[in-house]
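Colleague: Would you mind keeping the following structure in view while I ask a few things?
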Amino acid sequence: MRREASGRTDGAPAANPNGFPVRPAMARMHVLVNAATSVDGKLASRRREQLTISGPEDFARVDRLRASCDAVMVGVGTVLADDPSLTVKDDDLVAEREARGESPQPARVVADSHARTPPDAAVLDDRARSVVLVADAEPDEHAAALDAAGADVVVAGGNRVDLRGALADLDAMGVERLMVEGGGELIFSLFEAGLVDELTVYVGSLLVGGRDAPTLADGDGFVSDFPDLELADVERLDDGVLLSYTVA
Ligand SMILES: NC(=O)C1=CN([C@@H]2O[C@H](COP(=O)(O)OP(=O)(O)OC[C@H]3O[C@@H](n4cnc5c(N)ncnc54)[C@H](OP(=O)(O)O)[C@@H]3O)[C@@H](O)[C@H]2O)C=CC1
Ligand SMILES: Nc1nc(O)c(N)c(N[C@@H]2O[C@H](COP(=O)(O)O)[C@@H](O)[C@H]2O)n1
């Protein structure tokens with residue numbers, strides 16, 4: 001069902017057509033960004049194909065992180081490049097979610113202003129709820145294909161997805177913890193909007209290079225007022241390093 005985003009930013013309770021619990025006023029979603037990069041900060045090569053950077057320990061950590069969240073979000077660039085499912089893979093983690101009274105899987109969320117997500121994308125399969133955020137300017141018939149594929153299509157923004165409004169809308173649906181897995185365009189926009197609370201970066205021991213290869217934060221980049229990161233932890237995992245930051 002396509003529906004209008006509330007665009008509210010005050011955290012007030014909203015109508016709940018998607019069946020998420022309505023949260024109390026003033027609640028604020030916690031936003032964690034997680035990604036894996038090469039030592040030179042690349043998310044993938046210049047071919048923009050999925051690149052395995054994490055090892056088994058890091059993938060297991062990512063699975064636990066997904067399982068601890070209400071929703072997992074990516075930009076449509078990642079959907080088109082990787083066709084990810086964004087599901088929790090470990091059956092024990094799924095069972096633990098159910099024992100906590102949660103849905104077996106976190107919801108999947110795609111920032112997709114122009115409704116480019118292919119209807120047969122894995123992120124729209126029936127393993128979990130799927131929310132596609134589209135812009136108001138997008139013709140209804142484009143969104144209708146996503147609707148027919150089982151997605152909850154939510155209008156968030158005029159010509160491009162407005163992330164602040166979109167996150168307020170997800171918050172109102174009951175998403176308390178949102179994990180963002182990329183890619184670089186979406187991650188930059190979230191930092192630019194001051195919406196990120198935590199950043200974890202797994203730095204694998206490989207060098208990718210390439211001026212056109214996607215990096216952790218692309219977009220226009222910052223020239224001043226850089227995000228205020230505080231290093232919270234450093235851990236060796238597999239053959240790489242996990243860096244954990246809080247964002248002021
Ligand atoms: N190593 C890792 O951990 C990861 C690697 N990757 C890699 O990253 C690459 C994809 O990254 P990238 O191309 O940056 O794609 P993103 O996943 O960041 O998607 C970018 C697209 O999201 C849409 N979007 C909608 N609203 C916004 C907004 N407010 N701000 C920014 N984007 C918005 C835009 O398309 P539109 O205007 O049409 O809406 C934009 O082009 C792939 O190569 C993939 O393999 C991806 C994730 C993790
Ligand atoms: N943590 C991590 N390490 C890597 O090496 C990666 N390439 C990624 N990619 C992200 O994971 C998504 C794939 O998820 P599924 O396995 O399909 O559930 C991919 O789209 C990227 O967001 N992540």
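The values are calculated or read from the model by the stated rules, or taken from the named source; none is laboratory data. Predicted, not measured: the structure shown is a model, and the values here were computed from it. Neighbour counts run over all protein chains shown; Cβ positions are idealised from the backbone, glycine included.
Colleague: Of the residues Val132, Val110, which is without any contact (Cβ under 8 Å) to a residue 24 or more places away in the chain, within 12 Å of ligand 1 (Cβ to nearest atom) and touching a Ser or Thr at 6+ places or on another chain (Cβ under 9 Å)?
Modeller: The conditions single out Val132.
Colleague: So is Val72 out of contact with any Cys (no Cβ under 7 Å at 6 or more places or on another chain), crowded, with 18+ Cβ neighbours inside 10 Å and in contact (Cβ under 8 Å) with a residue 60 or more places away in the chain or not?
Modeller: yes
Colleague: So, one more: Out of Val88, Val110, report the one residue that is surrounded by 16 or more Cβ atoms within 10 Å (Cβ to Cβ) and not in a loop (DSSP other than H, G, I, E, B).
Modeller: So the residue among Val88, Val110 that is surrounded by 16 or more Cβ atoms within 10 Å (Cβ to Cβ) and not in a loop (DSSP other than H, G, I, E, B) is Val110.
Colleague: Is the range 51-72 home to any residue that is part of a loop (DSSP other than H, G, I, E, B), of a type in the set (Asp, Glu) and near ligand 1 (Cβ under 8 Å from one of its atoms)?
Modeller: no
Colleague: Might you check whether a residue that is modelled with pLDDT of 95 or more, assigned to a helix (DSSP H, G or I) and either touching a Lys or Arg at 6+ places or on another chain (Cβ under 6 Å) or charged (D, E, K, R) (or both) occurs anywhere in the range 113-133?
Modeller: yes
Colleague: Kindly indicate whether any position in the range 196-208 is within 16 Å of ligand 2 (Cβ to nearest atom), without any contact (Cβ under 8 Å) to a residue 60 or more places away in the chain and under 28 Å from Glu49 (Cβ atoms).
Modeller: No, the range 196-208 contains no residue that is within 16 Å of ligand 2 (Cβ to nearest atom), without any contact (Cβ under 8 Å) to a residue 60 or more places away in the chain and under 28 Å from Glu49 (Cβ atoms).
Colleague: If you don't mind, another one. Working only within the range 205-248, note down all residues that are touching a strand residue (DSSP E or B) at 6+ places or on another chain (Cβ under 8 Å), under 20 Å from Leu32 (Cα atoms) and in a loop (DSSP other than H, G, I, E, B).
Modeller: Answer for the range 205-248, where residues must be touching a strand residue (DSSP E or B) at 6+ places or on another chain (Cβ under 8 Å), under 20 Å from Leu32 (Cα atoms) and in a loop (DSSP other than H, G, I, E, B): Pro214, Leu216, Pro227, Asp228, Ala248.
Colleague: Given the options Ala35, Ala44, name the one that is buried (at least 22 other Cβ atoms within 10 Å of the Cβ), within 11 Å of ligand 1 (Cβ to nearest atom) and under 19 Å from Leu178 (Cβ atoms).
Modeller: After ruling out the rest, the residue left standing is Ala35.
Colleague: What's the total number of residues in the range 115-132 that are out of contact with any Gly (no Cβ under 8 Å at 6 or more places or on another chain) and crowded, with 21+ Cβ neighbours inside 10 Å?
Modeller: 6
Colleague: Further question on the same structure: Identify the single condition in (1) away from ligand 2 (no atom under 11 Å from the Cβ); (2) loosely packed, with under 15 Cβ neighbours inside 10 Å that Thr52 does not satisfy, given that it satisfies every other one.
Modeller: The one condition Thr52 does not meet is (1).
Colleague: Separate question: Please verify whether the range 209-216 includes one or more residues that are closer than 18 Å to Leu65 by Cβ and without any contact (Cβ under 8 Å) to a residue 40 or more places away in the chain.
Modeller: No, the conditions are met nowhere in the range 209-216.
Colleague: Given (1) near ligand 2 (Cβ under 9 Å from one of its atoms); (2) of a type in the set (A, V, I, L, M); (3) over 15 Å from the mean Cα position of the chain (by Cα), where does Leu43 come up short, assuming only one miss?
Modeller: Failed condition: (3).
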